[in-house]
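Engineer: The structure follows.
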Amino acid sequence: MATRTDASTRREQILKEAARLFAERGFHGVGVDEIGAAVGISGPGLYRHFAGKDAMLAELLVGISGQLLTGAKRRVAEADGGPGGRAGRDPEVVLDSLIEGHIDFALDDRPLITLHDRELDRLRDSDRKLVRQLQRQYVELWVEVVRELYPDLTEPGARSAVHSVFGLLNSTPHLGRPGALPGREVMAGLLHRMARGAFAAAGTD
């Protein structure tokens with residue numbers, strides 16, 4: 001008898017393969033049977049886990065937006081937990097932590113970046129609005145930290161810098177196949193330096 005953990009693991013497997021296939025061939029270029037074959041179950045068997053491809057796409061894009069926001073809030077909260085709480089936190093340390101978290105996403109979830117760029121408009125209005133709402137909260141969290149570190153930077157300037165850094169970090173799917181790139185540690189270090197350089201440039205303009 002399948003357990004709840006088994007079902008959760010199977011859902012994760014389905015979503016992972018769906019993201020890969022959607023990113024490689026486009027949402028309409030992939031059938032339910034192909035997703036099922038990739039995880040070793042029949043296409044109709046997928047409907048025990050998802051109502052269809054639209055539901056998979058929605059869970060992928062809403063899910064990653066929520067995970068990014070939750071992870072960023074956790075990183076900020078960890079910084080606020082030090083001596084002096086929020087008043088005693090070091091915004092440079094917080095920003096470094098946020099950058100590290102987004103780099104992990106950019107390097108480990110490349111198919112989801114491609115999906116967001118190409119397929120977001122395929123979501124129903126309510127799901128697309130939820131994605132946008134989560135993303136706005138994520139951006140504003142970064143903006144607050146950036147302005148702490150660079151107090152002369154205006155709010156629009158900080159928001160523009162944050163979006164520019166996201167564009168930089170999210171460009172990894174277009175840099176070539178993972179095997180053709182430098183090692184993960186080297187790549188992460190390079191992206192981190194580029195992100196900090198972009199913020200420093202914005203903060204000194």
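Engineer: Measure nothing fancy, just the Cα-based angle from helix 110-119's long axis to the longest principal axis of the chain, in degrees from 0 to 90, nearest 10.
Structural biologist: The angle comes out near 80 degrees.
Engineer: Quickly rank 14-26, 190-202 as a protection proxy: mean count of other C-beta atoms within 10 Å, highest first.
Structural biologist: Ranking, from highest mean packing down: 14-26, 190-202.
Engineer: Okay, next question. Each label point is 7 Å from the Cα along the Cα-to-Cβ direction; what then is the distance between the points at LEU120 and GLU185, in nm?
Structural biologist: 3.5
Engineer: Here's another thing I want to ask about it. R0 = 45 Å: FRET efficiency of ARG74 with ALA37, Cβ-based, nearest 0.05?
Structural biologist: After rounding to 0.05, the efficiency reads 0.80.
Engineer: Please compute the per residue accessible area over the chain with all protein chains in place, 1.4 Å probe, rounded to a whole number of Å².
Structural biologist: Value returned for the chain: 54 Å² of accessible area per residue.
Engineer: Fully extended, how many nm does the chain gain between HIS192 and GLN137 (0.36 nm per residue separation, minus their Cα-Cα distance)?
Structural biologist: Using 0.36 nm per residue and subtracting the Cα-Cα distance, I get 17.6 nm.
Engineer: Figure the gain on full extension for ALA200 and GLU92 (residue separation times 0.36 nm, minus the Cα-Cα span) and round it to one decimal in nm.
Structural biologist: 37.8 nm
Engineer: Moving on to the next point. Once the dipole of the chain is set up with Lys and Arg at +1 and Asp and Glu at -1 on Cβ about the Cα centre, which of VAL165, GLN13, GLN67 lies farthest towards its positive end?
Structural biologist: GLN13
Engineer: Rounded to the nearest 20 debye, what is the charge dipole size of the chain about its Cα centre when +1 sits on each Lys and Arg Cβ and -1 on each Asp and Glu Cβ?
Structural biologist: Here the chain has a charge dipole of around 460 debye.
Engineer: Have a look at ALA38, VAL146, ALA58 and report the one farthest towards the positive end of the charge dipole of the chain, computed about the Cα centre with Cβ charges (Lys/Arg +1, Asp/Glu -1).
Structural biologist: About the Cα centre, the residue reaching furthest to the positive side is ALA38.
Engineer: Given the DSSP H assignment, sum -39500 (n - 2.57) over each helix run of at least 4 residues in the chain and divide by its residue total; what's the result at 222 nm in deg cm²/dmol, nearest 500?
Structural biologist: -24500 deg cm²/dmol
Engineer: Which value, in Å² and to the nearest 10, is the accessible area of TYR47 when all protein chains are kept and the probe is 1.4 Å?
Structural biologist: Here the residue's solvent-accessible area equals roughly 120 Å².
Engineer: What accessible area, in Å² to the nearest ten, does a 1.4 Å probe give for HIS116?
Structural biologist: So the heavy atoms of HIS116 present about 50 Å² to solvent.
Engineer: Please compute one quarter of the surface area of the Cα convex hull for segment 51-201 and express it in square nanometres.
Structural biologist: Across all orientations, segment 51-201 yields a mean hull projection of 10.0 nm².
Engineer: Which percent of the accessible heavy-atom area of the chain goes to carbon and sulfur, probe 1.4 angstrom?
Structural biologist: On the chain, the fraction of accessible area on carbon and sulfur atoms equals 53 percent.
The values are calculated or read from the model by the stated rules, or taken from the named source; none is laboratory data. The shown structure was predicted, so the numbers you read here are calculated from the model rather than taken from an experiment. Note that we place each Cβ from the backbone using ideal geometry, even for glycine, and neighbour counts take in every protein chain shown. Heads up: the accessible areas ignore ligands, DNA and RNA and are worked out on the full protein's heavy atoms, side chains in. Shrake-Rupley method; radii C 1.70, N 1.55, O 1.52, S 1.80 Å.
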